[in-house]
Amino acid sequence: MSFATLSLRDLGHQLRRREISSVELTRWTLEAANAVNPPLHAFISILPETALESAARADRDFAAGIDRGPLQGIPYGAKDIFDVAGLPTTGHSRLGLAALASRDSAVVERLTTGGAVLMGKLATFEYATYGPDADLPFPHARNPWNRERMTGGSSSGSAVAIASGVLRMALGSDTGGSIRTPSSWVGTVGLKPTFGRVSRRGCFPLSSSLDHCGALTRSVEDAAIALQILSGQDPLDHDSSDTPVDDYIQDLEIPVRGLRIGIARSLLETASDQTLANIERVADLLRSEGAEVFDVQTPPLGLFGTVIRALLLIEGYHLHEQDMRTRIEDFGPLMARRIALGAGYTGPDYLACLKARRLLAEDISAALCGCDVLLCATTAHTAPAYEPVPNPFDPAGPSMTNPFNVTGNPAISVPIGLSPDGLPMSVQLVGKLFDERLLLRVARAVERVSGWEQVPLPAVAA
Amino acid sequence: MEVTQGQRQFTGTTSFDSYALANDERIRMATEAQNPAASVREEFDLLMQRAQLTLAPSWREAMLTEFGQMRTELEAIRRYAGTRKAEVEPRLPITLGRRER
């Protein structure tokens, strides 16, 4: 029996009705993970013993009538920058091979408390920076739709484990698009919550003012369920917000009639013709559902890119400065030579970037005063070939996710179909600060009317 | 030095013109980024020495190109930051104090 097509909600129902056991589901997931890893290399490590122990505990709880929440007994994976007590947080780097975590990261803590079953640690780009880099201790994850096409990153293993049918949910992080870009290129739902919505404690940082944690999932409903578990204030994360957590699930099926959707046209300036056609198609679908769709003014995409590159390099270099000085040869060359550029900025440069960032954020807030949700693209085009690895300073680069790390607004990548050459296509939707509830409702409508739910898993799937 | 297609897309952004550099100026700066002047090379070497970084010789040319692009982008950031007043408080998260309703 395959569990690959069952949603988090379906799995939860079957577990609660005792039609399946968590041990049975976990054994199947372990087999599926091993069957595709290789060739897809989504997992850095698979944890059969601890996973089966967690599953047996979940089954005992179900038998005793103890319900810890919607993910009890359900397997998940964690990008290998999240601390799990007793395991190394490798960051997919030689530097992290012996870095044993002393306690769980905040999100792993929440999932463990909720009875979820950790299957393993997932591939990333080195310390969630640039990639893929061939000179690292683990192979990079491969795109299940076409192994010669990039997965995007840096939450590459998380996206691949879901798109290949092994998992329904995996943890990721997003500093410039690292949840949404692989979601777009591999065909998963990727939600970057509002800055401060999900704790980052115990997640290896890249750029402290830009880092966000969240989940990649197979569907929008799965994303809502995951966010419900992961959200909430953490007094040990000084950027964590005390804004109350909504019910993200109850509104999902409410129609979008009457909602105002703003197309952020200036953020599409490097989009391919196909991507532009996708935006128009989704706009028409939303109109046919009764939403009002119109263009809104937003700052140019290139300006967000210039600001985020500088902030990321300054803050990223600061975090890795000691290792860069003393053991630079242990980094992969791609990360080392890019992060080293962070040494070239000054204090006034940093403050100018922060001011530019504030202005850009205010402009996005102004745009969102006139509509409920923004519609734009996640990536300029479908997954490209591996060579050449993109230059992060290329203003024509494929990422269209940067703006919302700059502003902190919640943003979600939703798959909408396959291109003529069989690669996933997506759109990006952006919500008001801390309004993931409405964002998920619109995302669910897009998922439903786009036809993505009828697209089968790729041939390599579990 | 030829300006690449990517740079043309960047420099041709209509709405960007109101914020930052004139078109010719941006093309000039982008061209310089592709062919760093001696002063840029000296600045790069000085900064890397100050940071006490030992860089592989094979990285140098790619890093110089990206360093040149980085300086170009910083100029655009400074000009944009100078277009309006805004309070900058590095310790506070970007979400604070914004109204969207």
Sort through A:LEU354, A:LEU311 and tell me the only one that's aliphatic (A, V, I, L, M), farther than 18 Å from B:MET63 by Cα and modelled with pLDDT of 95 or more. A:LEU354
Residues satisfying the stated conditions in segment A:345-358, i.e. free of Cβ contacts under 8 Å to residues at least 24 places away in the same chain and either in contact with a helix residue (DSSP H, G or I) (Cβ under 7 Å, 6 or more places away or on another chain) or open to solvent by less than 10 Å² (accessible area, probe 1.4 Å) (or both): A:ALA352, A:LYS355
What is the number of the single condition among (1) crowded, with 24+ Cβ neighbours inside 10 Å; (2) facing chain B (nearest Cβ under 10 Å); (3) under 20 Å from the mean Cα position of the chain (by Cα) that A:MET400 does not meet? (2)
Please specify each residue of segment A:262-313 satisfying the condition of being buried (at least 24 other Cβ atoms within 10 Å of the Cβ), touching a Cys at 6+ places or on another chain (Cβ under 9 Å) and over 24 Å from A:ALA352 (Cβ atoms). A:ALA264
Give me the helices (runs of 4 or more DSSP H) completely within segment A:1-79, filtered to those with at least 2 residues that are closer than 17 Å to A:ASP222 by Cβ, ordered by residue number. A:8-16, A:22-36
Among the candidates A:THR112, A:THR90, which residue alone is modelled with pLDDT of 95 or more, of a type outside the set (A, V, I, L, M, F, W, C) and either open to solvent by 60 Å² or more (accessible area, probe 1.4 Å) or assigned to a helix (DSSP H, G or I) (or both)? A:THR112
Which members of segment A:284-302 meet the condition of being of a type in the set (A, V, I, L, M), under 13 Å from A:VAL442 (Cα atoms) and not in a loop (DSSP other than H, G, I, E, B)? A:LEU285, A:LEU286, A:VAL293
From the list A:ALA271, A:ALA310, which residue is within 12 Å of chain B (Cβ to nearest Cβ), of a type in the set (A, V, I, L, M, F, W, C) and outside any helix (DSSP H, G or I)? A:ALA271
Could you please let me know if A:ALA42 is small (Gly, Ala, Ser), closer than 17 Å to A:VAL107 by Cβ, within 25 Å of the chain's Cα centre (by Cα) and crowded, with 16+ Cβ neighbours inside 10 Å? no
Scan of segment A:368-382 for residues that are in a helix (DSSP H, G or I) and open to solvent by less than 10 Å² (accessible area, probe 1.4 Å), ordered by number: A:LEU368
Scan segment A:268-305 residue by residue and report those that are among the small types (Gly, Ala, Ser), over 14 Å from A:SER426 (Cβ atoms) and more than 23 Å from the chain's Cα centre (by Cα). A:ALA283, A:SER288, A:GLY290, A:ALA291
One residue is enough: does segment B:16-39 have a residue meeting the conditions under 19 Å from A:PRO300 (Cα atoms), crowded, with 21+ Cβ neighbours inside 10 Å and modelled with pLDDT of 50 or more? yes
Matching residues, segment A:122-157, being under 14 Å from A:PHE43 (Cα atoms), out of contact with any helix residue (DSSP H, G or I) (no Cβ under 8 Å at 6 or more places or on another chain) and buried (at least 24 other Cβ atoms within 10 Å of the Cβ): A:GLY157
If I filter segment A:318-330 for residues that are assigned to a helix (DSSP H, G or I), at the interface with chain B (Cβ under 9 Å from one of its Cβ atoms), open to solvent by 20 Å² or more (accessible area, probe 1.4 Å) and touching a residue at least 24 places away in the same chain (Cβ under 8 Å), do I get at least one hit? no
Residue among A:ALA356, A:ALA361, A:ALA336, A:ALA367 that alone is more than 7 Å from chain B (Cβ to nearest Cβ), within 30 Å of A:VAL293 (Cβ to Cβ) and not β-branched (Val, Ile, Thr): A:ALA367
Please indicate, with yes or no, whether at least one residue in segment A:158-176 is open to solvent by 10 Å² or more (accessible area, probe 1.4 Å), in a helix (DSSP H, G or I) and either closer than 24 Å to A:VAL36 by Cα or more than 14 Å from chain B (Cβ to nearest Cβ) (or both). no
Going through (1) open to solvent by 60 Å² or more (accessible area, probe 1.4 Å); (2) under 22 Å from A:SER154 (Cβ atoms) one by one, A:ASP237 fails only at (1)
All conditions in (1) open to solvent by 20 Å² or more (accessible area, probe 1.4 Å); (2) facing chain A (nearest Cβ under 8 Å) are true of B:ARG91 except (2)
Considering each of A:PRO410, A:PRO424 in turn, give the residue that is touching an Asp or Glu at 6+ places or on another chain (Cβ under 7 Å) and crowded, with 20+ Cβ neighbours inside 10 Å. A:PRO410
Determine, yes or no, whether A:GLU315 is away from chain B (no Cβ under 12 Å), closer than 26 Å to A:GLU362 by Cβ and not hydrophobic (A, V, I, L, M, F, W, C). no
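The values are calculated or read from the model by the stated rules, or taken from the named source; none is laboratory data. Please read all numbers here as calculations on a predicted model, not as lab measurements. Here Cβ is always computed from backbone atoms with ideal geometry, including for glycine, and neighbour counts include all displayed protein chains. All accessible areas refer to the heavy atoms of the entire protein, side chains included, with ligands and DNA or RNA removed. Shrake-Rupley method; radii C 1.70, N 1.55, O 1.52, S 1.80 Å.
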